[in-house]
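Structure in structure tokens, see below.
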Amino acid sequence: MGEAEWQAVRLSVLVAFWATVLSLPLGIWVAHLLARGRFYGRGLLNGVVHLPLILPPVVTGYLLLLAFGRKGPVGALLDQWFGVVLAFRWTGAVLAAAVMAFPLMVRAIRLAIEAVDPKLEQAAATLGASRLIVFVTVTLPLILPGIIAGAVLAFAKAMGEFGATITFVANIPGQTQTLPSAIYAFLQVPDGEGAALRLVLVSVAVAMGALAISEVLARRVQARVAGRGDA
Amino acid sequence: MLEVALRHRFGAFTLDASFSAPAGVTVLFGRSGSGKTSVVNAVAGLLRPDAGRIAVDGRLVLDTAQGLDVPVHRRGIGYVFQEARLFPHMTVAQNLRYGGWVRRRRVDPGAVVEMLGIGPLLERRPAALSGGERQRVAIGRALLAEPKALLMDEPLAALDEARKADILPYIERLRDAAMPILYVTHSVTEMARLATTVVVLEGGRVLRAGPAGDVLSDPQAVPVMGLREAGAVIAARVAAHEADGLTRLDSVAGPLWLPRVEAAVGAVLRVRIAAQDVILSRSRPEGLSALNVLGGVVSAVRTGEGPGALVRIDLGGEFLLARVTRRSAAALGLEAGVSVHAVVKSVAVAQGDIGFG
């Protein structure tokens, strides 16, 4: 593989890694709210979280550009206060990938939380554990495989995100040209097909690997909650 | 002492109960749907009643009048659930240490582990335990959180008869602690074995409450317990194990011979005598195969709708309950103040009806 191809793979891994790591705490919190919360507007939150899954990615990208672009309400604030610019930077690719991968992450974690018997959490409370301690000592260990599965899925989705990314941060080689953008670019030039095909193989390998890992982990969360696991 | 006063409405059902549970085992008895579990959940803080006041050893944990509602984890009230609810991702030892660990207290599990006989299980995971073992670990886990009161919601209901018989002695041992225990059951056998105080709930209200000996021998409480299940509990001390396989016990009303009881001489036992196994006679019976004849005075007679009558007999501080026909009650002239002899067949008392006092 040529330098341009490696650059795209490296950037994609970097973007997907930060998108996953940074959105994970929020993902766990939102999944917990959706699984256990009893509050007004829960349905609305659920809808907002799932929106990127349903909207055309180009629409999501454009909405991000409106909000987080230099002139956008959030983007302007970030620029003035922190000197952070997202539009047309690799950091913007992280944001786009995180938003697009968020529904998948939340879904996996939410399913794991719903599989935990709330009676165990009640029992922990009667033993003197506050809600935070109950979450950390009972809920979190039981859903850990679910969290890992959600993170793996989110990573794979972030690796492959195209529509929102190209709309929000364009396709600048070495800057914002992730793996799918590079495939798209190679297909636009003569003799680019070989390079495109190699990147396609990398994409397929990443997707398959992520799915396999998340399957295995999903089965382990079941075993663990049922008390059969040795983990 | 645990003091409870609650009012809560669920749809058409209204719970309106108040009682106090002194040290020892207070059995909250009632049919399913009588509100027992709601009461213990409210005491634990898992259910917030519409109105109520709950105090443990004088410390208020709930007082809706002044807007006080101490959260579950700060109430210091232990809870043993019907299903053990052990943490599946922890070993038995980790489950036992949990209560001390989350409160950053050093707790030595040694004595509790020994009392419950769970030493060999410490390294196992809950999934590898039998139902009875799990429940013993759950009891240990609750005790090691050093609660000021303990709630037990039908802890034996999910177990078979043999396992129940295994665990009852462990619960009997808890009765000696100064801590009040609120024990929910719909089993008359368990109530008779364990209760020092009885609170009978019906339709969300307290029907009867008081010392176990009084309530169990109260003819008015019989309809809730069921005619076949009704029976009083008397205390008796093991006097001797005799050569022919019988054990002699001394009660307030004289000796009682029962099939061999596995208890040391001198031990004080609680013997439940079912009302339907008692025969009454005005004169001391002669030439009878039944060995146990207890003398007493009729303190109350209750006739119901059917052909039966319930007779409460004062043995001299303790009470016996007898179920006879109305015809016999009339023929013998049974009424308060009349002296009678109660006849009980030795073999009528089952091993499960004998508990440690």
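Each value in this text was obtained by applying a stated rule to the coordinates, not by laboratory testing. Owing to the predicted nature of the structure, the values given are computational and were not obtained by experimental measurement. All Cβ positions, glycine included, derive from the backbone under ideal geometry; neighbour counts span all protein chains shown.
Determine the dipole magnitude for the protein assembly as shown: charges of +1 sit on the beta-carbon of Lys and Arg, -1 on that of Asp and Glu, nothing else is charged, the reference point is the Cα centre, and the result goes in debye to the nearest 20.
Result for the protein assembly as shown is approximately 700 debye, rounded to the nearest 20.
Spelling out what I want: for every residue of region B:338-351, take phi, set θ = phi - 60°, compute 6.51 cos²θ - 1.76 cosθ + 1.60 (Karplus), and round to whole Hz; glycine and proline get x.
For region B:338-351, the Karplus-derived couplings read 7, 8, 9, 10, 9, 10, 10, 5, 4, 6, 6, 8, 7, 4 Hz, x marking Gly and Pro.
Between B:LEU294, B:THR197, B:LEU121, whose Cα lies farthest towards the positive end of the dipole of chain B when Lys and Arg beta carbons carry +1 and Asp and Glu beta carbons carry -1, centred on the Cα centre?
B:LEU121
Strictly greater than 32 Å: what percent of every Cα pair in the protein assembly as shown meets that? Provide the component values of the computation, followed by the final result.
Values: 104972 of 172578 pairs.
Above the 32 Å cut-off, the protein assembly as shown has 61 percent of its Cα pairs.
List the residues, sorted by chain then number, that are 5 or more residues from B:GLY30 or on another chain and whose placed amide H is less than 5 Å from its amide H.
B:THR185, B:LEU201
Now, a different point. Measuring from label point to label point, each 7 Å out along Cα→Cβ, what is the B:SER289 to B:ALA12 span in nm?
Between B:SER289 and B:ALA12, the simple spin-label model gives 5.1 nm.
Could you give me the ³J(HN,Hα) list for region B:257-264, computed from phi with Karplus coefficients 6.51, -1.76, 1.60 and θ = phi - 60°, whole Hz, x at Gly and Pro?
Karplus values, whole Hz, x for Gly and Pro: 9, 10, x, 2, 9, 7, 8, 6.
Let me ask something else about it. Quick one: dipole size for region B:5-93, taken about the Cα centre, charges +1 on Lys/Arg Cβ and -1 on Asp/Glu Cβ, in debye to the nearest 20.
With Lys and Arg at +1 and Asp and Glu at -1, about 60 debye.
Okay, next question. Whole-Å semi-axes of chain A's equivalent ellipsoid, largest first, each the root of 5 times a Cα gyration tensor eigenvalue?
In descending order the semi-axes read 36, 23, 13 Å.
Sort A:PHE135, A:PHE39, A:PHE102 by Cβ crowding within 10 Å, fewest neighbours at the top. Present the calculation step by step, with values, prior to reporting the outcome.
Numbers: A:PHE135 18, A:PHE39 7, A:PHE102 25.
Starting with the residue having the fewest Cβ neighbours, the order is A:PHE39, A:PHE135, A:PHE102.
Using the Cα atoms as the points, what is the convex hull volume per residue of region A:76-201 in Å³?
Expressed per residue, the convex hull around the Cα atoms of region A:76-201 is 134 Å³.
Same structure, new question: By count of other Cβ within 10 Å, fewest leading, how are A:ILE113, B:ILE77 ordered?
Values: A:ILE113 22, B:ILE77 27.
Ascending Cβ contact count within 10 Å gives the list A:ILE113, B:ILE77.
Could you give the distance between the Cα centres of region B:111-141 and region B:186-243, to the whole Å?
30 Å
Let me ask you something else. Exposure proxy check: B:VAL278, B:VAL102 ranked by fewest other beta carbons within 10 Å? Walk me through the intermediate numbers first.
On the way: B:VAL278 23, B:VAL102 20.
In order of increasing Cβ crowding within 10 Å: B:VAL102, B:VAL278.
Moving to a separate point now. On C-alpha positions alone, give me the angle between the axis of helix A:193-225 and the longest principal axis of chain A, in degrees, nearest 10.
With both axes taken from Cα atoms, the answer is about 0 degrees.
Taking the simple approach of a point 7 Å from Cα along Cα-to-Cβ for both B:LEU68 and A:LEU22, what is their distance in nm?
4.9 nm
In chain B, once you exclude exposed trypsin sites (Lys or Arg not before Pro) (DSSP loop, at most 10 other Cβ within 10 angstrom), what's the longest stretch remaining?
B:107-357
Give the average, rounded to an integer, of partner chain Cβ atoms located within 10 angstrom of each Cβ in B:340-348.
If you average over the peptide's residues, the count of other-chain Cβ atoms is 0.
Once phi is turned into ³J(HN,Hα) by the Karplus curve 6.51 cos²θ - 1.76 cosθ + 1.60 with θ = phi - 60°, what whole-Hz value does each residue of region B:86-93 show in order, with x for glycine and proline?
In residue order, the calculated couplings are 6, 6, x, 8, 10, 6, 4, 4 Hz.
Right, here's the next one. Shielding by partners for B:129-138, please: the mean number of other protein chain Cβ atoms within 10 Å of each residue's Cβ.
That average works out to 0.
While we're here: Compute log10 of I(q)/I(0) for chain B with the Debye formula, placing one identical point scatterer on every Cα and leaving out solvent, at q = 0.09 Å⁻¹, to two decimals.
The Cα Debye sum returns log10 ratios of -0.55.
Tell me which residues come under 5 Å, amide H to amide H, from B:GLY231 once H is placed; ignore anything under 5 positions away on its chain.
Sorted by chain and number, the residues that satisfy this are B:ALA275.
What range in chain B is the longest one free of GluC sites (Glu not before Pro) that are in a loop by DSSP and have at most 15 other Cβ atoms within 10 angstrom?
Working: sites that count: B:GLU123, B:GLU242, B:GLU262, B:GLU286, B:GLU305, B:GLU335.
Here the longest run is B:1-122.
Restricting to bridges with both residues inside region B:2-216, how much of the DSSP beta-bridge set is antiparallel, in percent to the nearest 5?
For region B:2-216, the DSSP antiparallel bridge percentage is about 60.
Then there is this: I want to check the label-to-label distance for B:SER281 and B:LYS345. Put each point 7 Å from Cα in the C-beta direction and report it in nm to one decimal.
Roughly 1.5 nm, to one decimal.
Size of the dipole of region B:2-216 about the Cα centre, Lys and Arg at +1 and Asp and Glu at -1 on the beta carbon, nothing else charged, in debye to 20?
Details: 28 positive and 22 negative charges, 126 e Å.
The calculated dipole for region B:2-216 is roughly 600 debye.
What lysines does A:LYS119 reach when the alpha-carbon gap must be under 24 Å and sequence neighbours fewer than 8 apart in one chain are set aside?
B:LYS36, B:LYS148, B:LYS164
When the Kirkwood hydrodynamic radius is evaluated over all pairs of different C-alpha atoms of region A:154-223, what value in angstrom, to one decimal, is obtained? Walk me through the numbers before you get to the answer.
Working: mean 1/r = 0.0743 Å⁻¹.
By the Kirkwood definition, the hydrodynamic radius is 13.5 Å.
Still on this model: What are the extents of the Cα atoms of region B:1-125 along their three principal axes, listed from largest to smallest and rounded to whole Å?
Cα extents, longest axis first: 47, 31, 29 Å.
Compute the whole-percent fraction of alpha carbon pairs in region B:230-357 spaced more than 25 Å apart.
The answer is 23 percent, as a whole percent.
If I take R0 = 60 Å and measure r between the Cβ atoms of A:MET208 and B:ALA55 in this structure, what FRET efficiency does the formula 1/(1 + (r/R0)^6) give, to the nearest 0.05?
0.45
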